[in-house]
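Everything on this sheet refers to the single structure shown next.
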Amino acid sequence: MTEPTAAGVLAALRARGETLATAESLTGGMLAAHLVDVPGASRVFRGGLVPYATDLKATLVDVEKGLLDRLGPVAADVAMALAEGARRRCGADWGLGTTGVAGPDPQDGKPAGTVFVGVAGPDGPPAVRALHLSGDRAAIRAATVDEALALLAGKLDGTADVTDSDA
């Protein structure tokens, strides 16, 4: 299978008459930037939130504070909550969420390269992918964008893995 691209994902969503929003912690807007680099993205992409600080995940994206207190910001359930919050807050059919540790230092006991990407859509449960990436900050963030697009593409075609707990 060909690696999903922002253009390919946007085209698939446009063909379905559906929209997309993002909530990005680890990627800090990089995913949204990849999407808006595509001509015509505004037909599908509603917008994005960058709740980089943990408290903003709760206040801007409605991630439950208790979830953040219990698991910390780097967890599968947080990625799914970010995706659902992006979808809800931006009035989109689909939401993508990213969270993780880009490094070089660990965060909350999790090593650099620990990443979770989540997707939520109009039907069915959210999907999440746990990743263990290597490289420097730029490589980890770039790989996270690619994985988020691949997860959404998989959810659109019915092949995405679904996880309902923290990895």
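The values are calculated or read from the model by the stated rules, or taken from the named source; none is laboratory data. Keep in mind that what you see is a predicted model, and the values were worked out from it rather than measured. Cβ atoms come from the backbone with ideal geometry, glycine included; neighbour counts cover every protein chain shown. Note: accessible area is taken over every heavy atom of the protein model, side chains too, but ligands, DNA and RNA are not part of it. Shrake-Rupley method; radii C 1.70, N 1.55, O 1.52, S 1.80 Å.
Things to note:
- Selection count where residues are in a helix (DSSP H, G or I), under 25 Å from residue 142 (Cα atoms) and open to solvent by 10 Å² or more (accessible area, probe 1.4 Å), scope the stretch 69-86: 5
- On inspection, residue 89 passes the criterion of being under 30 Å from residue 15 (Cβ atoms) and not in a loop (DSSP other than H, G, I, E, B).
- Looking only at residues in the stretch 1-39 that are among the polar types (S, T, N, Q) and open to solvent by less than 40 Å² (accessible area, probe 1.4 Å), the one that is nearest to residue 83 (Cα to Cα) is 22.
- Flag for residue 58 being touching a strand residue (DSSP E or B) at 6+ places or on another chain (Cβ under 9 Å) and outside any strand (DSSP E or B): no
- One residue from 6, 23 being in contact with a Lys or Arg (Cβ under 9 Å, 6 or more places away or on another chain) and within 15 Å of residue 151 (Cα to Cα): 23
- Some residue of the stretch 23-30 being under 24 Å from residue 134 (Cβ atoms) and assigned to a strand (DSSP E or B): yes
- Which numbered condition residue 122 misses (of (1) open to solvent by 10 Å² or more (accessible area, probe 1.4 Å); (2) touching a residue at least 12 places away in the same chain (Cβ under 8 Å); (3) in a helix (DSSP H, G or I); (4) closer than 21 Å to residue 13 by Cα): (3)
- The stretch 59-85 residues that are closer than 15 Å to residue 128 by Cα, paired with ones that are among the aromatic types (Phe, Trp, Tyr) (beta carbon under 8 Å, 6 or more apart): 74/116; 75/116; 76/116; 78/116; 79/116
- Cross-chain or 6+ apart pairs with Cβ under 7 Å, the stretch 144-158 first and farther than 15 Å from residue 32 by Cα and open to solvent by 30 Å² or more (accessible area, probe 1.4 Å), then outside any helix (DSSP H, G or I) and among the hydrophobic types (A, V, I, L, M, F, W, C): 155/119; 155/127
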